[in-house]
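One structure below.
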Amino acid sequence: MHLPELGSPLKEEHIKFLEAFAKSCRQSIVRMVTNAQSGHPGGSLSSLDYLAMIYAMRICLTNERVIVSHGHISPAVYSVLAELNVIPKEDVIQNFRKPVDLYEGHVNRKIQGVHFGTGPLAVGGSVASGCALADKLSDNSELTFLLMGDGENQEGQAYEMMNFANKYKLSNLVLFIDYNEVQLTDSLEEIMPLNIAGHYKASGWDVIELDGHDFQAMWAAIAESQKSENPTLLLGKTVMGKGVSFMEETGKAKQSDWHGKAPKPDVADAALVDIELSEDEMQTLLTGLVDLPKNIKTNEDADMDLNKVVQAGEPVLYDLDTFTDCRSAYGDALLDLANNNPHVVALTADVAGSVKTTGVKNNIPERHIECGIAEQHMVSVSGGLSIQGYVPFCSTFGAFMSSRAKDQARVNDLNECNVKMVATHCGLSVGEDGPTHQAIDDISSFSGFFHTRVLEPADPNQCDRMIRFVAQEYGNFYVRMGRSKLPIISKTDGSAPYYDKDYAFEAGKADVLREGSRGTIIAAGPMVIRAIEAAEKLGGDIEVIAVSSFIPFDAATIVESVKKTGRLVTVHDHNVDTGLAHYVRRAMEEAGLSVPAKHLGVDHYQLSGTADELYKLAGLAVEDISESLHSLL
């Protein structure tokens, strides 16, 4: 059996093979969810025919990306990969949704043939658009295949994606929506009626409505999609539970009985008899499988280098007369990185001037990705770009990155992506914009992640080195910084910048900026320069430590200092209970160390005002720091 060329109709041998292939997959799906007594058979069965066709007729040859945004149809994905011998069939059937193997209830990127792990709905759509954009930037002619559920398009992120794909003319993005008109608890019409075709057409997409169980029609539609400059939606009319009689009956009635429910073993056994392959079908299947290419690879075996070497460039040294903000230092470093590395890209959400990505925008416009007011989409697009070998820096205000886009950042974390989230306007430093824009809880938004490091620079020189470090290190990062300008931190004698040309940023290392024995002030971000001034106000001999890395955290340096000085003050432009003080308290507790201490931070929402005015009202002014330590001396 020779695979068909895109643009040529499927032959009878292809149709017969796909019918047998899909039938065998349906058996696997029923066995999988029955054995687990858990899972989503209904949507898996309605999506299966399209999945079977693209994997068997194309993906096994091209290894193009398939992003399944409604990740709960994992039984369909796993059954197709098992039928193609990419993963062991009996293992996935026996271990589906069990902690003994990788076959999770939602698709898992660690499984061969799965390009991205999804679950929260609509995230996968944005990831796929990032993959498609990566191919456009690289002049790669491959397609990205995206699958979504119909109810999933109730999510706002779906609309962010459809506008973005139209703006960047992602004609290489082919979306199939499983239009079975049933969602988790009821019919689409009852829960939230949607004009899916109308919405996509209004957003500039080409829309092809078809039978989602007709192999010939679906294959022809993919070919048709490549005749346009626009992204294409294949709106596939399907039946939930297709191919299993008792499930199909409720699916046709638009009932959600089998959306997320597994059949009992006796019911499943009867269904398996109904979909048992005949001898002819089995022979057709086995003969066709022998002829299929075996090119499905992902993760470490994929034909792409996710660890491209990043040239750090020449660090910028801001002299002691400079008075600027960390966000400007970030923008300068980012432009230098982009000039030296064609796979470094900048993304923002209508705040380029505020987050200082305008250097890239003005000088390398093709690598400045404007997402519009769509922070959630921006973070997920960055995930898609990163799995294609790009190094995406996505930037917005801290309040939006850490709240609106937290779910998307979490999915990137689960997928162990390489996304650099750089947030400006953090803390009370944002000033007059008021409490809705004052990110004072953003560190805690990411502190529960396992594959995202959290950093905060103390001055523009450290910020420059930090950004270059982040670019070179594979993995997700969240870098927070304020809006206001800062003096350059000097060495103890005031002769030169502390973070000089010889300084190299190291994650998980705190810096002892001033040595002393009478007490310790530990500070982060814009509070560092104020801590130094407070130490001077107290007459010196006060140890001042700058913490620029929260995850990982340098507990050893903190404990050593406090053991020596016996007194402690922490100060941070963040919620006092979840920021710097929290990490220091934990370090002290784990070391069994107790000393007189005061912890300064934000303990309630502030109003509008300049940064200095708000710091004074919050008890974070230089005088507050010095008085706090003085009371302990």
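The values are calculated or read from the model by the stated rules, or taken from the named source; none is laboratory data. Just so we're clear, the structure is a prediction, and the values are computed from it rather than from any experiment. Cβ coordinates were reconstructed from backbone atoms using ideal geometry, including for glycine residues, and neighbour counts include every protein chain displayed.
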### Message
For region 443-464, check the following and say yes or no: at least one residue is surrounded by fewer than 24 Cβ atoms within 10 Å (Cβ to Cβ), under 30 Å from Glu104 (Cβ atoms), free of Cβ contacts under 8 Å to residues at least 24 places away in the same chain and outside the structural domain of His604 (by TED's automatic domain parsing).
### Response
yes
#### Entry: Per-region count, region 512-548, residues more than 33 Å from the chain's Cα centre (by Cα) and outside any loop (DSSP other than H, G, I, E, B)
16
### Task
Find all pairs meeting these conditions: Cβ atoms under 6 angstrom apart; at least six residues apart or on different chains; first residue within region 175-199 and in the same structural domain as Leu235 (by TED's automatic domain parsing) and surrounded by 14 or more Cβ atoms within 10 Å (Cβ to Cβ); second residue in a helix (DSSP H, G or I) and not aliphatic (A, V, I, L, M).
Phe176/Tyr50; Asp178/Ser46; Asp178/Ser47; Asn180/Ser46; Gln183/Gly151; Leu188/Gly151; Leu194/Asn153; Ile196/Asn153
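Yes or no: Asp413 within 14 Å of the chain's Cα centre (by Cα), closer than 26 Å to Gln462 by Cα, surrounded by fewer than 24 Cβ atoms within 10 Å (Cβ to Cβ) and touching a residue at least 12 places away in the same chain (Cβ under 8 Å)?
Values: within 14 Å of the chain's Cα centre (by Cα): yes; closer than 26 Å to Gln462 by Cα: yes; surrounded by fewer than 24 Cβ atoms within 10 Å (Cβ to Cβ): yes; touching a residue at least 12 places away in the same chain (Cβ under 8 Å): yes.
The answer is yes for Asp413.
Quick one: would you say Ser8 is surrounded by fewer than 19 Cβ atoms within 10 Å (Cβ to Cβ), at pLDDT 95 or above and more than 32 Å from the chain's Cα centre (by Cα)? Walk me through how you get there before you give the answer.
Working: surrounded by fewer than 19 Cβ atoms within 10 Å (Cβ to Cβ): yes; at pLDDT 95 or above: yes; more than 32 Å from the chain's Cα centre (by Cα): yes.
Against the criterion (surrounded by fewer than 19 Cβ atoms within 10 Å (Cβ to Cβ), at pLDDT 95 or above and more than 32 Å from the chain's Cα centre (by Cα)), Ser8 qualifies.
Please work out if Tyr583 is in contact with a Phe, Trp or Tyr (Cβ under 6 Å, 6 or more places away or on another chain), surrounded by 21 or more Cβ atoms within 10 Å (Cβ to Cβ) and not polar (S, T, N, Q).
Values: in contact with a Phe, Trp or Tyr (Cβ under 6 Å, 6 or more places away or on another chain): yes; surrounded by 21 or more Cβ atoms within 10 Å (Cβ to Cβ): yes; not polar (S, T, N, Q): yes.
So Tyr583 passes the test.
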### Query
Of (1) over 30 Å from Asp211 (Cβ atoms); (2) in contact with a Gly (Cβ under 6 Å, 6 or more places away or on another chain); (3) modelled with pLDDT under 95, Ile296 satisfies all except one. Which?
(1)
### Message
Restricting to region 473-511, give me the number of residues that are without any contact (Cβ under 8 Å) to a residue 60 or more places away in the chain, within 20 Å of Tyr583 (Cβ to Cβ) and assigned to a loop (DSSP other than H, G, I, E, B).
### Response
7
### Message
I need a count of the residues in region 408-434 that are charged (D, E, K, R), more than 22 Å from Val391 (Cβ to Cβ) and not in a helix (DSSP H, G or I).
### Response
0
#### Entry: Residues of region 214-229 satisfying the condition of being surrounded by 19 or more Cβ atoms within 10 Å (Cβ to Cβ) and either part of a loop (DSSP other than H, G, I, E, B) or among the aromatic types (Phe, Trp, Tyr) (or both)
Phe215, Trp219
### Message
I'm trying to understand the selection: among the residues of region 599-613, which are without any contact (Cβ under 8 Å) to a residue 60 or more places away in the chain and part of a loop (DSSP other than H, G, I, E, B)?
### Response
Asp603, His604
### Query
Within region 313-345, how many residues are in contact with a helix residue (DSSP H, G or I) (Cβ under 7 Å, 6 or more places away or on another chain) and farther than 20 Å from Glu456 by Cβ?
6
### Query
Can you pull out the residues in region 575-598 that are of a type in the set (Val, Ile, Thr) and in a loop (DSSP other than H, G, I, E, B)?
Val576, Thr578, Val595
### Task
Inspect all residues belonging to region 449-471 and state whether any of them is in contact with a strand residue (DSSP E or B) (Cβ under 7 Å, 6 or more places away or on another chain), modelled with pLDDT of 95 or more and of a type in the set (Ser, Thr, Tyr).
yes
### Task
Please indicate, with yes or no, whether at least one residue in region 492-512 is in the same structural domain as Glu623 (by TED's automatic domain parsing), surrounded by 17 or more Cβ atoms within 10 Å (Cβ to Cβ), hydroxyl-bearing (Ser, Thr, Tyr) and more than 18 Å from Asp612 (Cβ to Cβ).
no
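Taking the conditions exactly as written (in contact with a Ser or Thr (Cβ under 9 Å, 6 or more places away or on another chain), surrounded by 15 or more Cβ atoms within 10 Å (Cβ to Cβ) and either not assigned by TED's automatic domain parsing to the domain that holds Gly434 or not polar (S, T, N, Q) (or both)), does Lys616 satisfy them or not? Give the derivation first.
Working: in contact with a Ser or Thr (Cβ under 9 Å, 6 or more places away or on another chain): no; surrounded by 15 or more Cβ atoms within 10 Å (Cβ to Cβ): yes; either not assigned by TED's automatic domain parsing to the domain that holds Gly434 or not polar (S, T, N, Q) (or both): yes.
The answer is no for Lys616.
Here is a yes/no grid of residues against (1) in the same structural domain as Leu455 (by TED's automatic domain parsing); (2) more than 21 Å from Cys131 (Cβ to Cβ); (3) touching an Asp or Glu at 6+ places or on another chain (Cβ under 8 Å):
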{"position": "Thr348", "(1), (2), (3)": "yes, no, yes"}
{"position": "Gly372", "(1), (2), (3)": "yes, no, yes"}
{"position": "Val391", "(1), (2), (3)": "yes, no, no"}
{"position": "Arg404", "(1), (2), (3)": "yes, yes, yes"}
{"position": "Asn415", "(1), (2), (3)": "yes, no, no"}
### Task
Tally the residues that are under 33 Å from the mean Cα position of the chain (by Cα), hydrophobic (A, V, I, L, M, F, W, C) and closer than 17 Å to Ile542 by Cβ, restricting the search to region 558-579.
2
### Message
Could you check region 103-127 and list, in sequence order, the residues that are under 11 Å from Gln408 (Cα atoms) and either among the hydrophobic types (A, V, I, L, M, F, W, C) or not in a loop (DSSP other than H, G, I, E, B) (or both)?
### Response
Leu121, Ala122, Val123, Gly124, Ser126, Val127
### Message
Show me the helices (runs of 4 or more DSSP H) entirely contained within region 31-98 in which 2 or more residues are free of Cβ contacts under 8 Å to residues at least 60 places away in the same chain and touching a Pro at 6+ places or on another chain (Cβ under 9 Å).
### Response
74-83
### Task
Please name all residue pairs, on different chains or six or more residues apart, with Cβ atoms under 8 Å, provided the first residue is in region 531-557 and is among the basic types (Lys, Arg) and the second residue is assigned to a helix (DSSP H, G or I) and surrounded by fewer than 23 Cβ atoms within 10 Å (Cβ to Cβ).
Lys537/Val622; Lys537/Glu623; Lys537/Ser626
### Task
Identify the single condition in (1) within 20 Å of Asp442 (Cα to Cα); (2) surrounded by 24 or more Cβ atoms within 10 Å (Cβ to Cβ) that Val344 does not satisfy, given that it satisfies every other one.
(1)
#### Entry: Test: residue in region 92-106 that is surrounded by fewer than 20 Cβ atoms within 10 Å (Cβ to Cβ) and over 28 Å from the mean Cα position of the chain (by Cα)
yes
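Being more than 26 Å from Leu6 (Cβ to Cβ) and surrounded by fewer than 18 Cβ atoms within 10 Å (Cβ to Cβ) is true for just one of Val273, Val239. Which residue is that? Let's see the steps before the verdict.
On the way: Val239 fails: surrounded by fewer than 18 Cβ atoms within 10 Å (Cβ to Cβ).
Of Val273, Val239, the one residue that is more than 26 Å from Leu6 (Cβ to Cβ) and surrounded by fewer than 18 Cβ atoms within 10 Å (Cβ to Cβ) is Val273.
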